[in-house]
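None of the figures in this text is laboratory data; all of them are computed from the coordinates on show. Nothing here was measured: the structure is a model prediction, and the numbers come from that model. Positions of Cβ are generated from backbone atoms using ideal geometry, with glycine treated the same way; all protein chains shown enter the neighbour counts.
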Amino acid sequence: EPEVTQTPSHQVTQMGQEVILRCVPISNHLYFYWYRQILGQKVEFLVSFYNNEISEKSEIFDDQFSVERPDGSNFTLKIRSTKLEDSAMYFCASSETPDRPSRYFGPGTRLTVT
Amino acid sequence: EDQVTQSPEALRLQEGESSSLNCSYTVSGLRGLFWYRQDPGKGPEFLFTLYSAGEEKEKERLKATLTKKESFLHITAPKPEDSATYLCAVHSSGNTPLVFGKGTRLSVIA
């Protein structure tokens with residue numbers, strides 16, 4: 001069974017610091033997504049990415065956030081200046097086509113901003 | 001705006017006590033309805049995709065059904081290992097992301 005992997009599993013950072021969350025999507029997938037889930041709340045879409053550019057982004061995905069595919073395997077989410085309210089689980093997902101949005105989610109990175 | 005409402009928020013069952021979880025949705029045009037299982041501190045684990053009203057899918061003790069307004073996840077003779085949060089999500093057009101409900105937290109007591 002193919003799987004999406006994410007690192008680190010847990011990241012603790014101080015408010016105002018930059019963090020980079022990393023994801024390795026499934027190898028033949030072309031569409032990549034980041035979602036987040038604040039503790040006790042629903043999973044929320046952040047951004048989708050295809051062909052080295054953002055396809056769609058939510059209102060949550062403001063100028064503090066950026067995504068990048070720095071090489072052929074990794075997909076990263078950067079938060080430039082973290083806030084307390086950025087504390088959440090961040091999930092990466094990937095799919096072969098946009099018509100079949102992700103069946104495959106990664107295990108998540110728990111981000112704690114202090 | 002696409003909306004997904006799941007009920008109940010939490011459900012406690014005795015082992016072997018069958019029940020159903022509900023997912024009501026409002027979308028401009030349904031391309032697919034997804035069910036996931038989520039264990040604490042883990043990512044969503046895909047269970048089913050349903051594409052059209054009347055469709056049903058089964059996996060072990062789980063059966064998902066779909067109408068034009070809602071989906072049900074039926075759990076037959078649940079076991080403690082079925083305890084998890086079950087998430088419903090909808091996909092409404094080619095490039096839009098999934099919209100999730102808040103989930104139903106299921107506890108199965110031995």
Verdict on B:E55 being surrounded by fewer than 16 Cβ atoms within 10 Å (Cβ to Cβ) and within 13 Å of the chain's Cα centre (by Cα)
no
Can you tell me which residue among B:S107, B:S71, B:S83 is under 20 Å from A:P107 (Cβ atoms), more than 14 Å from chain A (Cβ to nearest Cβ) and not β-branched (V, I, T)?
B:S83
The strands (runs of 3 or more DSSP E) lying entirely within the stretch A:32-114 that contain at least 1 residues which are within 12 Å of another protein chain (Cβ to nearest Cβ) and crowded, with 17+ Cβ neighbours inside 10 Å are A:44-50, A:53-57, A:88-95, A:109-113
With (1) under 22 Å from B:H91 (Cβ atoms); (2) touching a strand residue (DSSP E or B) at 6+ places or on another chain (Cβ under 7 Å); (3) not aromatic (F, W, Y) as the list, and A:P8 as the residue in question, which single condition is left unmet?
(1)
Selected residue [of a type in the set (A, V, I, L, M) and over 15 Å from the mean Cα position of the chain (by Cα)] from B:L13, B:L106
B:L13
